[in-house]
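Contents: one structure, followed by commentary.
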Amino acid sequence: MRTVLPFNDGWLFLAEDAAPEQPDSGFERVTLPHANIILPHHNFDNLEYQFISTYRKRFRLPEPRAGRRIYVDFDGAMIASTVWINNHNLGDYEGGFTPFSFDITDYLLENGENLLTVRLDSTERPDIPPFGNEVDYLTFGGIYRDVWLRYEEPCHVTRVFVRTWDVTTATPKLQADIYLNNTSDAEQKINIFYRVSFPGQPGASDLEYGNINVPPHTEMTLSTLEIHYAAGVKIWSLENPNLYHFDVKLQYNDKPAPYGDYVSTLFGFREAHFDKDGSFYLNGEKLKLRGLNRHQTYPYIGAAAPKRLQEKDADIVKFELGCNIVRTSHYPQSPHFLNRCDEIGLLVFEEIPGWQHIGDDDWQGISLRDVQAMIERDRNHPSIVLWGVRINESPDNTAFYTRTNELAHKLDPTRQTGGVRNFITSEFLEDVFTYNDFSNSVIDPIHTPHFVTEFNGHMFPTKTWDQEERVVEHALRHARIQDKAAGMDTVVGAIGWCAFDYNTHREFGSGDRICYHGVMDMFRLPKFAAYFYESQISPSVRPVLLAATTWTRGDRSEGGIDPLVIFSNCDEIEVFTGDELVGKYTPDREAFPNLPHAPYQIRNVMPLWNPGRFQDLRLLGYVNGQVVIEQQIASDGLPHQLVLETDDLELNADGADMTRLVFAIVDKFGNRLPFTNQAVTFEIDGPADLIGENPFALIGGQAALYVKARHEPGQVTIVAKTMRLPGAITFLTIK
Ligand code: GAL
């Protein structure tokens with residue numbers, strides 16, 4: 001039978017290129033995902049993580065081989081790996097964003113201790129995408145995704161590709177390609193069964209596909225399995241992201257059960273299509289796309305974020321930022337992130353690694369390999385609706401991009417391609433004209449379908465603690481472009497640059513190694529622009545009412561707060577200062593005619609020279625005539641409380657699980673005070689560690705560390721202290 005075991009634990013790490021005879025004693029014991037160095041959140045040198053390191057894992061086979069082949073599967077290691085088993089060189093893999101595997105069977109000691117070694121080169125190798133020129137993001141280093149140990153019968157399923165069509169008709173259809181590999185010297189006679197099931201829905205039974213003979217040392221694809229559903233299916237949509245299982249079972253005619261193979265693939269019945277009419281259709285219905293770009297990096301840990309943090313990012317983009325699409329700029333991202341997008345109903349535009357630069361033939365060869373690796377890994381995800389097969393913002397290259405497009409279409413006939421460009425005259429070889437539009441507007445398309453894949457970003461970097469006018473303007477720029485795109489029939493939508501601030505090279509960003517381009521900071525905490533995105537959520541999901549102000553009289557140019565900008569999905573808002581009702585207002589439909597929920601821009605609420613008005617601000621949001629939400633902001637400007645909170649109350653005792661620990665200093669109504677930069681000191685007790693700077697001087701009144709579980713279960717207590725305010729305490733359980 002097939003066995004797949006996590007292989008993340010018990011690695012040894014040395015931050016140098018170790019010789020085989022170098023003793024383990026100098027190595028550090030680590031668990032994957034692993035960053036080759038923990039860095040401060042900014043102000044570091046990009047060379048600090050660019051070195052060659054050595055990972056070792058000594059292991060005995062966790063279960064007997066029983067005639068099976070054994071593989072090590074790496075989900076991702078940055079950026080070039082050379083792998084040995086018991087001093088036998090298995091080969092190299094060049095590339096940090098796509099998975100790779102080695103068959104280790106022939107060199108294993110079945111009853112003794114084995115040594116797996118990875119020499120990991122985390123330098124910016126110009127021969128590997130995205131490198132060769134300047135790049136506006138950091139890749140960091142380490143075996144930063146999961147590793148697995150896989151046992152397979154000699155003849156097994158290597159991949160399954162499930163596709164669906166006619167999903168909205170009375171007879172939805174499914175076709176599955178099943179890829180088989182017979183690694184043995186003998187022909188294998190196998191019988192194949194399959195099953196399509198909806199979790200929680202009993203009654204699905206195995207169906208027989210039939211008998212097949214697989215010749216020795218042969219890979220073959222069975223692509224004829226087509227199923228028609230007369231009874232209908234549950235469609236995958238953004239509101240109801242229904243996932244099905246497609247299970248394949250192999251039985252060997254010469255070996256009875258338990259020998260065999262079994263693979264379960266999640267998929268969804270859905271149809272996604274970018275049309276020449278300029279619109280995007282999901283399951284036949286027109287959907288305007290509104291999204292943000294996501295980099296996979298985090299403060300301190302680089303890209304080495306475990307499953308829980310990956311999933312949290314998808315949740316933030318969908319549930320906190322109200323987006324319906326995310327672009328995985330500029331590379332394939334974690335399987336955990338994509339799985340979560342499937343589960344919650346968040347569309348994805350995924351693209352190959354790169355940034356503006358195209359290298360030589362070998363480099364392009366790696367890039368083509370990336371196209372293949374990305375699509376073969378990810379084509380069952382219902383969330384993915386578009387493949388990006390150009391190097392982001394690179395020059396035209398007819399030969400190269402003809403090949404990437406052909407390859408993508410061959411590997412996945414169901415999805416369209418895009419290729420992100422930043423010049424409108426660029427050659428259109430793809431299906432969707434994906435365009436980074438930095439005009440501070442949305443230009444009229446010359447090709448359809450036209451999709452704005454970036455805007456804002458470097459045009460208006462904004463920090464959480466910038467002057468209020470700037471933070472408000474940053475939010476309004478996102479609102480204006482999303483409004484414009486929403487109103488253009490020939491534009492399928494817009495993906496802003498970007499969701500989260502990110503670490504970058506010194507050539508970009510603000511010099512401290514951060515691009516402050518996010519609608520949230522790098523800790524995934526909101527700027528006012530995040531409030532704008534959040535306000536587009538339907539009030540039937542939840543009411544949103546967020547004033548884009550800290551309610552101070554003298555921070556904006558010329559003083560006062562004019563206009564008072566509020567991001568809300570309410571029909572009307574009543575504004576009070578103290579007990580005085582200033583007025584009842586409606587959204588600014590004139591300035592934002594197309595958005596689902598236009599921002600409010602209210603004049604004359606708090607002119608500078610009206611001291612009587614400078615009382616606490618109180619806002620009441622109405623939907624259908626009823627008050628559904630309230631916000632208050634203190635006028636005293638005083639720090640009231642240090643708040644401390646983890647995103648999760650429980651972590652797994654696996655040595656890798658992490659949650660975010662958010663802290664902030666807030667006013668008496670719980671609003672963050674953006675100019676408060678006091679130091680906060682942390683103490684932790686129990687089987688977990690804090691990752692991050694301690695003490696931490698608040699940034700914009702807030703920041704975050706991460707709590708990482710050790711291997712033992714137990715209770716964890718975290719205490720935070722700061723001057724002049726009571727300390728804060730929070731607890732979590734390691735299970
Ligand atoms: C784009 C680029 C992004 C980022 C952005 C900053 O040109 O594609 O990766 O650098 O600019 O605004």
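The values are calculated or read from the model by the stated rules, or taken from the named source; none is laboratory data. Computed from a predicted model, the values in this text were never measured in an experiment. When we count neighbours, we look across all protein chains shown, and the Cβ atoms used for this are built from the backbone with ideal geometry, even at glycine. We work out accessible area using only protein heavy atoms, side chains counted, and drop any ligands, DNA or RNA first. Shrake-Rupley method; radii C 1.70, N 1.55, O 1.52, S 1.80 Å.
Quick look at the values:
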| read-out | value |
| --- | --- |
| Centroid-to-centroid separation of region 356-384 and region 521-598 [C-alpha atoms, Å] | 42 |
| Relative packing of 520-529, 212-221, 278-287, which averages over residues the other C-beta atoms within 10 Å, highest first | 520-529, 278-287, 212-221 |
| For the chain, diffusion coefficient by Stokes-Einstein and Kirkwood Rh (Cα), 37 °C, 0.692 mPa s, µm²/s | 119 |
| At most 12 other Cβ within 10 Å, DSSP loop - GluC sites (Glu not before Pro), region 529-585 | 558 |
| Residue-normalised accessible area of region 272-535, expressed per residue, 1.4 Å probe, Å² | 27 |
| Cα-based helix-to-principal-axis angle, 398-411 vs the chain, degrees rounded to 10 | 70 |
| Sorted peptide list for 469-475, 430-436, criterion being average Cβ within 10 angstrom, highest first | 430-436, 469-475 |
| Mean residue ellipticity (222 nm) of the chain, computed from DSSP H runs ≥ 4 via -39,500 (n - 2.57), nearest 500 | -3500 deg cm²/dmol |
| Whole-number accessible area per residue in Å² for region 641-734, which is evaluated in the context of all protein chains at 1.4 Å | 43 |
| Region 359-451: relative contact order as a whole-number percent, Cα under 8 Å and 6+ apart | 24 |
| Normalised contact order of the chain, rounded percent, pairs of Cα under 8 Å and 6 or more residues apart | 9 |
| Mean Cβ neighbour count within 10 Å, used as a protection proxy, ranking 442-453, 20-31 highest first | 442-453, 20-31 |
| Extension gain, residue 581 back to residue 106 (0.36 nm per residue minus Cα-Cα distance, nm) | 163.0 nm |
| Region 545-633, accessible area per residue, ligands and nucleic acids excluded (1.4 Å, Å²) | 45 |
| Protein accessible area in the chain, 1.4 Å probe - carbon and sulfur % | 49 |
